[in-house]
Amino acid sequence: MYAVRMRLSGLSALRCEEDAPKMMLVPLLLALLGLCSAEDGARLLASKSLLNRYAVEGRDLTLQYNIYNVGSSAALEVDLSDDSFPPEDFGIVSGMLNVKWDRIAPASNVSHTVVLRPLKAGYFNFTSASVSYVAQEGGPVVVGYTSAPGQGGILAQREFDRRFSPHYLDWAAFGVMTLPSIGIPLLLWYSSKRKYDSSKAKKN
């Protein structure tokens, strides 16, 4: 997951007079370090993941977005936008690729699910979605990105069926084709057995 980084305003350097006692610099430096290390406001971490084991042409593909607020205050005006799925390559079955939340409380998370349908087979690069939010009320808009699933293959329907379907029709056809080679010898054996049994009964 990529952290949605906040833009921190620069801190002006502290200057002291040349004749100031050196001991006075210690609390000033400690205060400056405290300001630099403190991270006030919201801080979001976001992920984008595929829930399907295989992406298949013409079959549903489920995406899940998770956003976590690890900051100290609520994130405001959160906007998730994913423009990485061209309409000529993917159809939307359910959900939206652009969604907004008024606020995400600190130490909480939200999830969003979208179901797509790949229209073409081949390789596709599943890239990041963008996330924008306001870290503090009245503050600037912060922009970041989710994690990226990366490049993956979308299988053709015929290829998927060939590799993973139970092949009931294939087994049925195989049974029909092998039936004569098994059935004819069985009939001959049964016919000869009946003749042998009948001749044995007549002798007795």
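The values are calculated or read from the model by the stated rules, or taken from the named source; none is laboratory data. The structure displayed is predicted, hence computed values, not measured ones. All Cβ positions, even for glycine, are placed from backbone atoms using ideal geometry, and neighbour counts span all protein chains on display.
Please list, ordered by first then second residue, the pairs with beta carbon atoms under 8 Å, 6 or more apart or interchain, first in the range 144-161 and over 14 Å from residue 66 (Cβ atoms), second surrounded by fewer than 16 Cβ atoms within 10 Å (Cβ to Cβ) and among the polar types (S, T, N, Q).
Listed pairs, sorted by first residue: 150/125; 151/125.
What residue, of 160, 164, 126, is surrounded by 15 or more Cβ atoms within 10 Å (Cβ to Cβ), closer than 21 Å to residue 62 by Cβ and at pLDDT below 90?
Criteria check complete, one pass: 160.
Test residue 132 against the stated conditions and say whether it is surrounded by 12 or more Cβ atoms within 10 Å (Cβ to Cβ) and either in contact with a helix residue (DSSP H, G or I) (Cβ under 8 Å, 6 or more places away or on another chain) or part of a loop (DSSP other than H, G, I, E, B) (or both).
So residue 132 does not fit the description; no.
Residue-wise test of (1) of a type in the set (S, T, N, Q); (2) touching a Lys or Arg at 6+ places or on another chain (Cβ under 7 Å); (3) in a loop (DSSP other than H, G, I, E, B); (4) at pLDDT 50 or above.
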site	(1), (2), (3), (4)
24	no, no, no, no
27	no, no, no, no
34	no, no, no, no
41	no, no, yes, yes
45	no, no, no, yes
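Can you find a residue in the range 3-17 that is part of a strand (DSSP E or B) and either at negative phi or modelled with pLDDT under 50 (or both)?
Yes, because at least one residue in the range 3-17 is part of a strand (DSSP E or B) and either at negative phi or modelled with pLDDT under 50 (or both).
Among the numbered criteria (1) under 12 Å from residue 134 (Cα atoms); (2) assigned to a loop (DSSP other than H, G, I, E, B), which single criterion is violated by residue 79?
Condition (2) is where residue 79 drops out.
Every residue in the range 97-126 that is more than 28 Å from residue 41 (Cα to Cα) and assigned to a loop (DSSP other than H, G, I, E, B), please.
Matches in the range 97-126: 119, 120, 121.
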